[in-house]
Amino acid sequence: MDKLFYYVRRMDLTIEKSKIILDLMEERTKGIAWRVISDIQIPDFDDDDNECIDYNNDTESVASTDSEATYHDKNESLGQQVAGLWSKRREKLVTDFSIAGWVLSPIPEVYNDCKRNMTGEHRNAVERLLIKMMASDFADDSDELAEITYFFWEEFEQFQSKTGPYDKAHIWNRSINRDLLLGKSHLWHKKNSFFQTKVLGKFACRVCSKIVGMGSAERNWGDVKYLKSEKRSHLSSEAVEKQATIFGASCMADADIERKKMLASVTDRYKFWDEDDFDEQFDMLNEKLTEQPKQRTLKCYMEAWEKEHIRKKDDVSKAKFLHKYGGLEFDDVDFGGVHLKISDSDMRFRRRSKKDDDDCGGWTPYAYSNKEGDKPSPWPIFDGCPLHDCIATYYRKHPELNIKIILKKDQIEGVEYLMSLQKAEDDNNDGSYSTESESVTEPAPGANLRQEIDKKASGSAKCDGKSLSPCGGCGTPVGPVHKCDRCHKNMHTFCGRTIGEEGYGSCVRCPKCDK
């Protein structure tokens, strides 16, 4: 992996220098044979997922092939055509992984090339991969994430300047160190970085150890040949890619089921066992560890990928949002704490709301209550949406559900404030009792706490639609679902007059503005 981007850069220079030679060759070989080759045209087919050819639809763009790219513009020279073909392949090779491997390679040629040509874009790519691999469970503004990135770049400066733990001549000697001679960068980092650094060594071992070979490509091509039969020869490249991915995952799942089935059999139970399995099973001194259920991690704010996919109406974006929000539960604080559960299959695409400027539309989860006959309610996703606050409050109150909630620093105070309100409300409900003749309510133990919270809310800054604020009618805290169309204060639906169509997000005019 550490040499891939280095070879891509070398290929860029080779193509640039070869343009003149290719153009001269084209001029010298102009003749009957060259004209015949240039006049070859491959018929265009409109690829689609329905496995049919549409010859009449000329408005849709057709996926270009290599031959089309070569002959689509006769004014281009041969050097330009070759450079165009290479640019198509180059996009698939230049990834965050390949750039990170190039940056962390100790091989002298790659090391010197990185030291001379590294730019800010390369550093951004490395940092994206670092956050994805080693800090995915931390919020974007958390101290843990800042500490990881700080130590990584500090250790990287030592790596590039050969100082600190890298200030040893023998680890850079290629004639003695066979890891550099054989190009095994991950083993070099394991010996010289893993134990000497906090972050860079572990990250470099994981990145540089990735194999860049033909094995995975051959397996995927086998899946494509199985799927793309004679009757399905006109499937688009996008459809083939999705189907091959699903088919490959299905084959892996079938193999895992077959393995478990063989392990459960009595006749050939130990067929797939190795030495580690025997040691784990028969070692008398080995402690049997109970398998812990996997904890689900949820970032209760709008992540960067959500802003990118929120308005993309495709199956991939829908699956991403279902994976994050599907099956989550919460209590709707604006309607008496009604318990809701987000559907793990119902994710709809909505238009942009004209009433709420924060609601940008796009993919929206739908929540269902346990009551029969209740319709599902949409909960739009945007920066500071009530859905994130409700989910964070619910799972912080119920840690036994094994869901880890990650919040930004500016969210913590609002969530704690909301939890204190719900706790005071629960205490108030616990203090109520009824008899056969009348219902008597004792003073709520959290009444003083509620007054202090109300004072805190009223003395804070004006509501910006991202947290609770006093209602424009009764003065009690309420979320930003309904607002007054004039003063823009948060409102209960029963504290004012609804303007326009009733429903989620409708405007409710406060009594003061309604006079």
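The values are calculated or read from the model by the stated rules, or taken from the named source; none is laboratory data. Only a predicted model underlies this, so the values are computations on that prediction, with no experimental measurement involved. When we count neighbours, we look across all protein chains shown, and the Cβ atoms used for this are built from the backbone with ideal geometry, even at glycine.
Numbers for the structure displayed
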{"read-out": "Any hit, segment 236-245, residues being closer than 30 Å to HIS186 by Cα and surrounded by 10 or more Cβ atoms within 10 Å (Cβ to Cβ)", "value": "yes"}
{"read-out": "Among residues of segment 376-427, those that are among the polar types (S, T, N, Q), surrounded by 21 or more Cβ atoms within 10 Å (Cβ to Cβ) and more than 23 Å from SER343 (Cβ to Cβ), counted", "value": "1"}
{"read-out": "Conditions (1) exposed (fewer than 14 other Cβ atoms within 10 Å of the Cβ); (2) under 25 Å from the mean Cα position of the chain (by Cα): number failed by MET214", "value": "(2)"}
{"read-out": "Cross-chain or 6+ apart pairs with Cβ under 6 Å, segment 337-360 first and within 11 Å of LEU322 (Cβ to Cβ) and outside any loop (DSSP other than H, G, I, E, B), then modelled with pLDDT of 85 or more and aliphatic (A, V, I, L, M)", "value": "ILE342/LEU328; ILE342/ALA367; MET347/LEU322"}
{"read-out": "Leading residue by the ranking (surrounded by the most Cβ atoms within 10 Å (Cβ to Cβ)) among those in segment 133-176 that are part of a loop (DSSP other than H, G, I, E, B) and of a type in the set (Ser, Thr, Tyr)", "value": "SER142"}
{"read-out": "Segment 177-204, residues that are assigned to a loop (DSSP other than H, G, I, E, B), touching a residue at least 24 places away in the same chain (Cβ under 8 Å) and under 21 Å from GLU109 (Cβ atoms)", "value": "GLY183, SER193"}
{"read-out": "Members of segment 118-132 found to be farther than 16 Å from THR95 by Cβ and assigned to a helix (DSSP H, G or I), listed by number", "value": "GLY120"}
{"read-out": "Condition met for ASP331 (modelled with pLDDT of 65 or more, outside the structural domain of HIS492 (by TED's automatic domain parsing) and surrounded by fewer than 10 Cβ atoms within 10 Å (Cβ to Cβ))", "value": "no"}
{"read-out": "Unmet requirement for ARG128, which otherwise passes all of (1) in contact (Cβ under 8 Å) with a residue 24 or more places away in the chain; (2) closer than 17 Å to LYS198 by Cβ", "value": "(2)"}
{"read-out": "Residue match in segment 401-414 (condition: aliphatic (A, V, I, L, M), at pLDDT 80 or above, within 26 Å of GLU502 (Cα to Cα) and out of contact with any Pro (no Cβ under 9 Å at 6 or more places or on another chain))", "value": "no"}
{"read-out": "Flag for THR297 being surrounded by 18 or more Cβ atoms within 10 Å (Cβ to Cβ), part of a strand (DSSP E or B) and at pLDDT 80 or above", "value": "no"}
{"read-out": "Any hit, segment 124-131, residues being of a type in the set (Lys, Arg) and out of contact with any helix residue (DSSP H, G or I) (no Cβ under 7 Å at 6 or more places or on another chain)", "value": "no"}
{"read-out": "Hits in segment 205-220 (condition: in a helix (DSSP H, G or I) and without any contact (Cβ under 8 Å) to a residue 24 or more places away in the chain)", "value": "CYS205, GLY215, SER216, ALA217, GLU218"}
{"read-out": "Residue match in segment 98-117 (condition: farther than 24 Å from ASP179 by Cα and either among the acidic types (Asp, Glu) or not in a helix (DSSP H, G or I) (or both))", "value": "no"}
{"read-out": "Filter result for PRO511 (outside any helix (DSSP H, G or I), within 25 Å of TYR301 (Cβ to Cβ) and at pLDDT 80 or above)", "value": "no"}
{"read-out": "Every pair of residues 6+ apart whose Cβ atoms lie under 9 Å, when the first sits in segment 305-323 and is not assigned by TED's automatic domain parsing to the domain that holds ALA239 and among the acidic types (Asp, Glu) while the second is assigned to a helix (DSSP H, G or I) and at pLDDT 90 or above", "value": "GLU306/LYS320; GLU306/PHE321; GLU306/LYS324; GLU308/SER317"}
{"read-out": "Neighbours by Cβ (under 6 Å, 6+ apart or cross-chain): first from segment 141-153, on the phi < 0 side of the Ramachandran plot; second basic (Lys, Arg)", "value": "ASP141/LYS408; ASP141/LYS409; PHE151/LYS198"}
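Conditions tested, residue by residue: (1) modelled with pLDDT of 90 or more; (2) over 23 Å from LEU13 (Cβ atoms); (3) more than 20 Å from the chain's Cα centre (by Cα).
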site: LYS92; (1), (2), (3): no, no, no
site: TYR111; (1), (2), (3): yes, no, yes
site: MET118; (1), (2), (3): yes, no, yes
site: ILE148; (1), (2), (3): yes, yes, no
